[in-house]
Amino acid sequence: MSWNNVSSELYRLDSNTLRENAGHTTRLSATHLLLSPDGSRNLLANSTDNDFSTDGVSLFNRIPRPRNSMFSVFGCCFSCQRSVCVPIKEYLARKKIERGLRLYEKHHPTAAVKTWQSALQSCSKREDRFVLLSYLYQAHMDFGKFRDALDYGHHQLGISEELDNPQMRSEAYLNLARAHEKLGCLERSLMYARHSLYNECEAQSRNGGLVHLTVASVYLELGGFRRCLEGLQGAHKIAMNIGDTTLELQVYVLLSELFHRLCDFEKSARYASKAYDLSRSLQLGDLNSRHHRAALLRMASALRKQGELGDARDYVEEATRLALISGDQASYTRSIRILGDIYRKKLDIDRAFRQYEQAMGAAANMADRMSQMEAMDGAARCLESLRIQNKICSCRPLEFNTRLLEVCNSIGAKMLVRKVRLRLAQIYRSLGDEENYQNHIKLATQIEHSLGLNCCLCGETYGLENDSLEALPCAHILHSRCAQEILRNRDKNNPRQCPACNHLFNSNLHLCAKLPPESDEIINDTLLSHANSIRPAYRRSNLSLASLNLRASSLTINSDCNNVTSSV
């Protein structure tokens, strides 16, 4: 059909229909409805219809269409795709995020992650995507999928760079630091933590406290105990200022681990009991319930060192049950490793070694080098016990400890490196290899000197055997007997001060340094009132505890006390 025929066909439309719809008679020209014959996208110009005052689109809109037709609904949706469908997608994505949170709280983590991943595909607003990536990051951290969590952290960092938001950038760096810590990349974790502190806008925020906590955890593995205490000081100060119970709980868990590494098992148990008391206030369906499991495992380790093996096993079994319900693979791996420690303490070496093997396999699947290193150390202790009992030869312990030494050196865990070298020295001595024996003894002594485990008053070594220690507000560590000697000094001309840095302190020792006196009183009063309020709940524990005499409120000292302990 030619162009003229098309024009003549359109000219023969029913004039009555057009009069009813348009209100007047008009000639419909093809130049207002069709594109030009040359294929261009512009309408043909030079129209000869002077009476035609509207274009084809407006005339088409004036033609009545059935209101109840499905075609009108689809047409409306297609025409409003940019203005309506995008907000609908955002609304549905937010609903999916909320549904995923409810699933996670009801202990359906797999379904929650699938829901969040579905929401991530339809979520286009970058702020919402950042929050959604935070949920996915934490869920994968609980699953023990640290490499996947690392990917989500990198996605968060990209969004924060696009928005140029320092607060988002700080959170992204924090997530990257936590993931690298689990993967055993301690130096890189420390680097990301420093970047997070640099971008932190609010000094007294929860993210800032978590950064300090991450730095403390890294330095604990690297053997920088004073740096670890400084990080815990900063985290605890923020937790007390903003009233964050969860952050305070994590500080006590890490303090318990710190004094456990330094062989002050009594103080370790006290901090663990305080962490457990705080964890009881958390809801088990909350996203923070993983801290409750961490407190249970910390209590189990502390009670095992005190010889309360039955109570320690009760805590481990409870933590294992909660970890299986919530899908927390990291806590589950730690729980079976601590259960191996309990069996080893009972001298049931076979069952202990099986627990360590299971823990090593689970840690290898998660790429959790820290847990894998701890499980390997437990297995090496079992092999050493069998070697001493002459049940096995020295070949397998020698090979296993050599591999463990490589892992510890790659991570940078100095304390464990020292212990493994001493263990290897004893093996070489039993084999009659005096050269290797002297070499490992010499290297272990060098590591001991590099750790700086010397009392700042008497100069003697601490942290290598069971002893009572004290932490000053300046983060220097000394023996409790040396702290008592300093506290007995009431001479105004010779005030109480740290022997190492001359930092002044009063009779109420605490870890929050560089605070004014009125702030010290507020923090001490808050801790005492909180400890008194949680003491009855601690006695109502449904677990069988032989350690009820561990009083969390005893973490404060006066100058008249005989037993000197820290108050955080």
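The values are calculated or read from the model by the stated rules, or taken from the named source; none is laboratory data. For clarity, every value in this text was computed on a predicted model and none was experimentally measured. Because the Cβ atoms are built from the backbone with ideal geometry, glycine has one as well, and the counts that use them run over all protein chains shown. Quick note on the areas: whole protein, heavy atoms, side chains included, nothing else; ligands and nucleic acids left out. Shrake-Rupley method; radii C 1.70, N 1.55, O 1.52, S 1.80 Å.
In table form, for the structure just shown:
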read-out	value
Filter result for the condition that a residue is open to solvent by 30 Å² or more (accessible area, probe 1.4 Å) and at positive phi, over G432, G412	G432
Within the range 192-233, considering residues that are among the hydroxyl-bearing types (S, T, Y) and free of Cβ contacts under 8 Å to residues at least 40 places away in the same chain, the one nearest to K419 (Cα to Cα)	Y219
Residue count for the range 458-485, restricted to those that are assigned to a loop (DSSP other than H, G, I, E, B), out of contact with any Asp or Glu (no Cβ under 7 Å at 6 or more places or on another chain) and open to solvent by 10 Å² or more (accessible area, probe 1.4 Å)	9
The listed residue being touching a residue at least 40 places away in the same chain (Cβ under 8 Å), in contact with a Leu (Cβ under 9 Å, 6 or more places away or on another chain) and in a helix (DSSP H, G or I), out of A380, A375	A380
Unique residue being at pLDDT below 90 and touching a helix residue (DSSP H, G or I) at 6+ places or on another chain (Cβ under 8 Å) when the list is N454, N493, N436, N466	N466
Total residues in the range 226-273, condition closer than 30 Å to Q446 by Cα and either open to solvent by 10 Å² or more (accessible area, probe 1.4 Å) or of a type in the set (D, E, K, R) (or both)	14
Out of R102, R188, sole residue that is at pLDDT 90 or above, open to solvent by 30 Å² or more (accessible area, probe 1.4 Å), in a helix (DSSP H, G or I) and out of contact with any strand residue (DSSP E or B) (no Cβ under 8 Å at 6 or more places or on another chain)	R188
Residues (modelled with pLDDT of 90 or more, more than 20 Å from L183 (Cβ to Cβ), surrounded by 15 or more Cβ atoms within 10 Å (Cβ to Cβ) and of a type outside the set (A, V, I, L, M, F, W, C)) located in the range 321-347	S335, G340, D341, Y343, R344
Residue list for the range 363-372, filter: surrounded by fewer than 21 Cβ atoms within 10 Å (Cβ to Cβ) and without any contact (Cβ under 8 Å) to a residue 40 or more places away in the chain	A364
Residue in the range 391-399 that is within 29 Å of V218 (Cα to Cα), buried (at least 17 other Cβ atoms within 10 Å of the Cβ) and not small (G, A, S) present	yes
Any hit, the range 150-163, residues being over 23 Å from A362 (Cβ atoms), in contact (Cβ under 8 Å) with a residue 12 or more places away in the chain and crowded, with 23+ Cβ neighbours inside 10 Å	yes
Candidate set from the range 436-457 (those that are in a helix (DSSP H, G or I) and open to solvent by less than 40 Å² (accessible area, probe 1.4 Å)); member that is farthest from A216 (Cα to Cα)	Y437
So R290, is it under 16 Å from the mean Cα position of the chain (by Cα), open to solvent by 10 Å² or more (accessible area, probe 1.4 Å) and not β-branched (V, I, T)	yes
